[in-house]
Each structure stands twice: as C-alpha cells, then as structure tokens.
Amino acid sequence: MNATDPARRLIRARRIHFDYPSGSLDRHYVDGDLVMSHVVAHLSATFPEGEDFFVRSVRRFAGEITDPELKSRVQGFIGQEVTHGREHRALNERLQRMGYPMGRADRATRRVLGRYERFTSPLTCLAITAALEHFTAVFAETLLGDERAQALLGATEVRSMLLWHAIEESEHRAVAFDVYRAAGGTERRRIWAMRGIMVSFFASVIAYSTLSTLGDRATYHPIRLGRSLAALRHSPFLTREVRARMRAYTQRGFHPDDTDNTALLDHWTTELFGADGTLTDHLGQR
C-alpha cells in the first residue's frame, strides 16, 4: 500500500471500553520495571490533551478538503482520536490513584499545546500534529511487531488497551499528513516541525519521567534502579530500526505509507477483533 493506492483501509472508530478495577494492576505494571512504568504513565498522561489538539488541528482544514476519500478518513480519524482520549483519561485516573503524578504531565501538555495554538499558525499546528502522529505510529507498530515490546505489558488491561490504541494509530497514521499536504503545507515546514518536535518530545519524556520516578520509593533501591536503567538501554522502542524510522520523516518526499503495515494490521485486527478475538467482549460497551 502506498500514498496513491485507491484501496486504503477503512478508518472507523470502534465502540470500546476498558476497566481498571482497584487491585487489577501492580504498582510497576510494565513487567515490574520501575523506569518503564513511569515512562508509559507519562506518555499516557499526554494523550488526552494531545488527542484533542490533533482533532482541532485537523478540523480547522476539514472544510477545505474536496477529496471524498480523504473526507471519510478524516471523520474516522476524529472518531478514533476522541475515543483514545476518553480511554486514556480512564487509565490516567487509575494510575493517579496508584501514585503516579498524572495531573502534572496533563497540565504541562495543555500549556505547551496551547502555546502552539496561540503563537503559531493553524498550518504549523497541523504540521506538528502530523509529526506527532508519526511518533505514535512508529511506537504503535513497534508494539504490534516486536514480541519483546508485547511481553513488557504482560496480560493486563493496560496491554489490551495499548494494543487497541496501536492498531488505530497505525490505521490512521497518514491522515493528518495527507490533510497537511491537501492544505498546501510545504516540505520545509513539515521537516522543521518534526525537527523541533523530536527535541521537545524526548526532552519532555526524559524530564517528566525522571520527576515521576524520583517520587517513587522504589527508585531509592540502587540495585533495582540500576537494573531498570540497564534494561532501558535495550528497550525495543529505542532500537536502531525505530530511530531510523523516526529520522525518515525528515527526508524530502517522505510519506507515512512508505512502510507497508498491511500484514501487521491484518494479523492484529483478526487477533483482537476477529470472530474469536481477545477484545471482542470489549466492543459495543459505549
């Protein structure tokens, strides 16, 4: 599948709901790993405000789209992102009760994205959205395609939710990008937006995950902390291949569909939502 393929996958929002009852998650729910549990918590904390920003950025240009296929994909994108924000809010409330400082990252995300909207143009906000969508798609497809990444999440409801989120991020990974191009966005603006986001994204993940980890008593057990930091160096989300896919976005002529994800999506759609799918019982609850 490529950017000009007329038979793109249908994008639709699934009616789905996840529950996180008290006691259902261990304190360090990412395979017992101290640092990764805080990193994933921080990323989850950024999603509600981030998804709202993505929706606003794309909606500003929805009226200018004349291609009916792209119009349909935009509607599917918006429906999926709204659902993602809702489900991450539920997870974030659960993690907050477990002691993770979710509100701090949520407020910081709101402030930063608000500044983008106040001090940059709508087209630049759309370029930022397309760049961040590339981040989420690469991480999503790493989760779907690497058994080591899946193993980190064990068999918890968090694993189920993140696999669902990963499928939908992969399904709509090119929508903001294609809206940006349809709106007349230049390669120069797109590339510079990504370069800025690469710096700010990783800086914020490091800063806020560090602050969160420092508030955890387990951090002050040197052996446990050392093992967790050593494991982070070999994370499936920080491999050479992942870094190369991130950098590919800054090349002229890049398109998200340059990497074919058809087989990956076919496998996981059947695995999770087929006749015997593991998440079919989560569907239609809202």
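The values are calculated or read from the model by the stated rules, or taken from the named source; none is laboratory data. As the structure is a computational prediction, the values presented were derived from the model and not from experiment. Note that each Cβ is placed from the backbone with ideal geometry, even for glycine, and that neighbours are counted across all protein chains shown. Just so you know, the surface numbers come from the protein's heavy atoms only, side chains and all, with ligands and any DNA or RNA stripped out. Shrake-Rupley method; radii C 1.70, N 1.55, O 1.52, S 1.80 Å.
The share of accessible area on segment 18-114 that comes from carbon and sulfur is 51 percent, using a 1.4 angstrom probe. Rounded to the nearest 10 degrees, the inclination of helix 187-214 to the longest alpha-carbon principal axis of the chain is 10 degrees.
Protection proxy ranking for 49-62, 257-270, using the average of other Cβ atoms within 10 Å per residue and placing the highest first: 49-62, 257-270. To the nearest ten degrees, helix 34-62 and the longest principal axis of the Cα atoms of the chain are 20 degrees apart. How large a share of the accessible area of segment 180-262, in percent, is made up of carbon and sulfur atoms when the probe is 1.4 Å and the other protein chains stay in place? Here it works out to 59 percent.
Glu64 exposes around 120 Å² of accessible area when a 1.4 Å probe is run over every protein chain in place. Of the trypsin sites (Lys or Arg not before Pro) found in segment 167-261, those in coil by DSSP whose Cβ has at most 13 other Cβ atoms within 10 Å are Arg252.
Considering only C-alpha atoms, what is the centroid distance from segment 168-232 to segment 38-102, in Å? If you average the Cα positions of each part, the centres end up 15 Å apart. For Thr219, the shell of other residues with beta-carbons less than 15 Å away shows a net charge of +2, using +1 for Lys and Arg and -1 for Asp and Glu.
Per residue, the accessible area of the chain comes to 48 Å², computed with a 1.4 Å probe over protein heavy atoms only. Around the Cα centre of segment 154-203, unit charges on the Cβ atoms of Lys, Arg, Asp and Glu (plus for the first two, minus for the last two) sum to a dipole of about 380 debye. For segment 102-250, relative contact order (Cα pairs under 8 Å, six or more residues apart, normalised by length) works out to 35 percent.
Give the angle, between 0 and 90 degrees and rounded to the nearest 10, that separates the Cα long axis of helix 122-145 from the longest principal axis of the Cα atoms of the chain. Roughly 50 degrees between the two axes.
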